[in-house]
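Beneath this line is the structure, given in structure tokens, with notes to follow.
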Amino acid sequence: MKLDHYKKSSGGDIAFNIFNGVFFTLFTIICIFPFYYLFINTISDNELVSSGRINLLPQGIHFTNYTALMQAAELGRALFITISRTVLGTASMVLTSAFVGYLVTKDAMFGRKFIYRFIIITMYFNAGLIPWFMNMHMLGLTNNFWGYIIPAIVQPFNIILVKTYIESIPKELEESAFMDGAGYFTTFRAIVLPLCKPILATITVFGAVGHWNAFTDSIILMQAEPTLYTLQHRLYLYLQFASDIGDVLREGSLDVDLMLSNRVVSLTVSMGSIIPILCVYPFMQRYFQKGLMLGAVKG
Amino acid sequence: MTKSTSATLIIIKRALVVLTCFAAFFPAFNPAKMSGLITGNASLFTNTISPGIIFNDVFNRPLRMEWIEYSTIQTIYFGALITFLGVAALAAAACLSFGNTKLRRLGLVVALGGSVVGIVGNTILRVAYGMMNENANVHRLEPIEPLGFILFYVLFAAMIVLAVATLVSLPKSEENEKFQMDSKYRLFLMILPFLVLVALFAYLPLWGWRYAFFNFRLGQELSMENFVGFRWFEFLFGNPARRADIVRVLTNTFALSGIGIATSWLPMVFAIFLAEIKSNHPRRAIQTLTTIPNFISWVLVYSVAFAIFSTEGFLNWMLMNLGIMESGTNHLMDNGSMWLKMWLWGTWKGLGWSAIIYIAGISSIDPQLYEAATVDGAGRFRRMWHITVPGLASTFFVLLLLGIANVLSNGLEQYLVFQNHANRSTIEVLDLYIYNQGLASQTSSAVPLATIMGMLKSIISVTLLFSANKVSKLLRGESIV
């Protein structure tokens, strides 16, 4: 009787497994094929690339696109800005999140509950784009590199993640340090910080990816200062330019060379800025699940 | 004098310090704003931390035209700097007043010193004002006597009086007393700098809502003469063309958010089905690979789109090889079913990532439940339906409510990169509309209208959020914010 039941369901089981396997294989391919496609197009013969003849396999492999673009001053500058903001912005954000996340777990603090709400509630409202812009202007942070860094130091969501994580650490560890006469700073540095590594790794990735990918703040705040444009902002400009050219080309017969180089340039810059993410990301992946589970649901 | 008088005095002193700090952040009270050329957006703080404003932006041309001496500019800057140092000293003194008697005494001395420094700085600014007025061409600089002069003099003078009075009334500290502070206040002071950052970047912008009630263009001065009350509100809802615009934008916004909410169960199903792949390695690989798109920016997504869907792209090659199409076209310029396309891009980028939280949820469901169900004869689908889905329901519910509260905020980035002149009518969501109206356009209605729309959006979103919270409390007995 029981065996029967199993036999009956196994037919459906196999069908489901096949369907499931096919679905996930397809979706995974859809997710990663574009990156492969971009990559083979940046290392193949430029003439073939421009006429759209590189589709599944690279041909005439060369890396001159990358070396050529690295020499473009405008891009080098943008890369420098992007790296600087990623490093400085992420470091300041992570340290702040860790420290503030630690402080808000201290019941002894004057007005703790109010302070925590004061910080967290800012996740749910904002004054709007124009008032924000005028505020940044008023504080002297437009057309100023620090405009990338300072406003992004306090990130309420990351503070919640750290706070929740610290609450899951046994209190005795901290208390024993206090018994030995350590102050808040020492306890934080010697006990809490090392224990928080997994969650700090998670928010480091969030912060770094956020800074690396940011472009709207560059577009809105740095209008008058092209030397402060980020890499993504440059890419945005190339893409806008290239797609406009594409329009014109179809209508009349303009110089086709421009289009060719535009396609290659935008593809190469794109791939160049995806590669660092692809390199770092898989190593951090294992931390996400735990960190997110603790933080996001409890919010 | 008694202990309570000194306690009251100290509280008054703290309030005064808070006032002074506020004044340092408000452009209207900037004591360095002695020329009409200095932007009405510059506070004492701004003037101090970015010297470029005075040295390059404002007085560059006047200096070349010799309407102003370089030494005058320097005097203005150093006056502002010294005044600001005085304010900073007052802030430090207020922090010290949280300590024991000995720390308080120190704080009062610092406050006295700070006030004197502040008065010196303010006087230097006055001197600079005199120097500026000596130049024959001073009318070119539009000299104005700043309100801040008087205000800061009064504030610093009051502080001196208060500090002296408190010093007298404060009981002598004991011989061998050490500098000490309750951990209660120590912790508070440790977090204070971060609270200032939050106040500056999250709360201070609310002050910008006043632009909704003025005639104002970017780069202009805000003055009471341009106050128009609710004129722009009437314009926004009274003007038929404007109203049609808003209806169109809101339709896009609700449509895109609606599609998102209607399909918000997809990540959950994704996670449940993924968990049915029993062998570890493929499952991990799928999870890792499908989250990659989440980590690239929308510009890069557009770049991917451009590579694949433009005339020379992959799609055309495939369609032509399959014989479906004769010659390639640029699919990005085809603006049919824009909502669906935007949703597809969002799903491509976010599905794998959104599923992570449900994957985490599944791994925290007690495996004994599954075993018991299997023994009772439940098949695969029944186990999914009766154990996994209820186990994930509360997470789903929270995210759904948050999604509903965010119905007006689709975000700017995705639509900014995908917009072109041809698809505007179907892609322009509220966030993008505010950007296009407020920053990318130069009409006189741009700033006030964009401000009003941002303002209404914030108010509605917060109301929705708290309603969602109420619903959650009623149904689940748990709040979500």
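So the values come out like this:
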quantity: Helix A:197-213 axis, angle to chain A major axis (alpha carbon atoms, nearest 10°); calculated: 40 degrees
quantity: Estimated dipole of region B:394-476 in Debye, rounded to 20 [Cβ of Lys and Arg +1, of Asp and Glu -1, Cα centre]; calculated: 380 debye
quantity: Gaussian network model of chain A, springs between alpha carbon atoms under 10 Å - residue of A:155, A:59, A:232 with greatest fluctuation; calculated: A:59
quantity: Options B:87, B:63, B:30, ranked by Cα towards positive dipole end of chain B, top entry (Cβ charges); calculated: B:87
quantity: Charge-dipole axis of chain A as Lys and Arg at +1 and Asp and Glu at -1 on Cβ define it, positive-most pick from A:114, A:151, A:79; calculated: A:114
quantity: Sequence-distant residues sharing a close amide H with residue B:422 (under 5 Å, placed H); calculated: none
quantity: Lys pairs, chain B - Cα-Cα below 29 angstrom, 8 or more residues apart or on other chains; calculated: 20
quantity: Per-residue HN-Hα couplings for region B:102-119 [Karplus 6.51, -1.76, 1.60; θ = phi - 60°; Hz; x = Gly/Pro]; calculated: 5, 5, 4, 4, 4, x, 5, 5, 4, 4, 4, x, x, 5, 4, 4, x, 5
quantity: Distant-in-sequence amide H partners of residue B:35 (H built 1.01 Å from N, under 5 Å); calculated: B:144
quantity: Net charge over other residues, Cβ less than 13 angstrom from the Cβ of residue A:220 (K, R count +1; D, E count -1); calculated: -4
quantity: Within-12-Å neighbourhood charge of residue B:313 [Cβ basis; K, R +1; D, E -1]; calculated: +1
quantity: Taking A:195, B:300, A:26, A:141 and counting other C-beta atoms within 10 Å, the order from fewest to most; calculated: A:26, A:195, A:141, B:300
quantity: Gyration tensor (alpha-carbon) shape descriptor, chain A, a/c threshold 1.5; calculated: oblate
quantity: Dipole moment magnitude, nearest 20 debye, chain B about Cα centre, only Lys, Arg, Asp, Glu C-beta charged; calculated: 1060 debye
quantity: Residues A:159, A:130, A:149 arranged by fewest to most Cβ contacts within 10 Å; calculated: A:149, A:159, A:130
quantity: In Hz, Karplus ³J(HN,Hα) per residue of region B:450-465 (6.51, -1.76, 1.60; θ = phi - 60°; x = Gly, Pro); calculated: 5, 5, 4, 5, x, 5, 4, 4, 4, 4, 5, 4, 5, 4, 4, 4
quantity: Helix-only [θ]222 nm of chain A, DSSP H runs n ≥ 4, -39500 (n - 2.57) each, per residue, nearest 500; calculated: -24500 deg cm²/dmol
quantity: Per-residue mean of C-beta atoms belonging to partner chains within 10 Å, peptide B:44-56; calculated: 2
quantity: Per-residue [θ]222 nm for chain B (sum of -39500 (n - 2.57) over DSSP H runs n ≥ 4, rounded to 500); calculated: -21500 deg cm²/dmol
quantity: Three-way shape label, region A:88-132, alpha-carbon gyration tensor, a/c 1.5; calculated: oblate
quantity: Degrees separating the helix A:256-298 axis from the principal Cα axis of chain A, which is the longest one; calculated: 20 degrees
quantity: Shape parameters for the protein assembly as shown, alpha-carbon atoms, Rg then Dmax in Å; calculated: 30.4, 109
quantity: Assigned charges on the beta-carbon of Lys, Arg, Asp, Glu; region A:131-246 dipole about Cα centre (debye); calculated: 140 debye
quantity: Charge tally in the Cβ shell below 14 Å around residue B:297, where Lys, Arg are +1 and Asp, Glu are -1, residue B:297 excluded; calculated: +1
quantity: For region A:125-131, Karplus couplings with θ = phi - 60° (6.51, -1.76, 1.60), whole Hz, Gly/Pro x; calculated: 9, 8, 6, x, 4, 5, x
quantity: Low-density loop cleavage sites - chymotrypsin sites (Phe, Trp or Tyr not before Pro) in region B:255-299, where at most 16 other Cβ are within 10 Å (DSSP); calculated: B:265
quantity: Folded to 0 to 90 degrees: helix B:389-405 orientation relative to chain B principal axis, Cα; calculated: 50 degrees
quantity: Between region B:423-481 and region B:94-126, the alpha-carbon center distance in angstrom; calculated: 44 Å
quantity: For residue B:214, distant residues with modelled amide H under 5 Å away; calculated: B:228
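We did not get these values from a lab; they are worked out from the coordinates using the rules stated. Keep in mind that what you see is a predicted model, and the values were worked out from it rather than measured. So basically every Cβ, Gly included, is an ideal-geometry build from the backbone, and we count neighbours across all protein chains shown.
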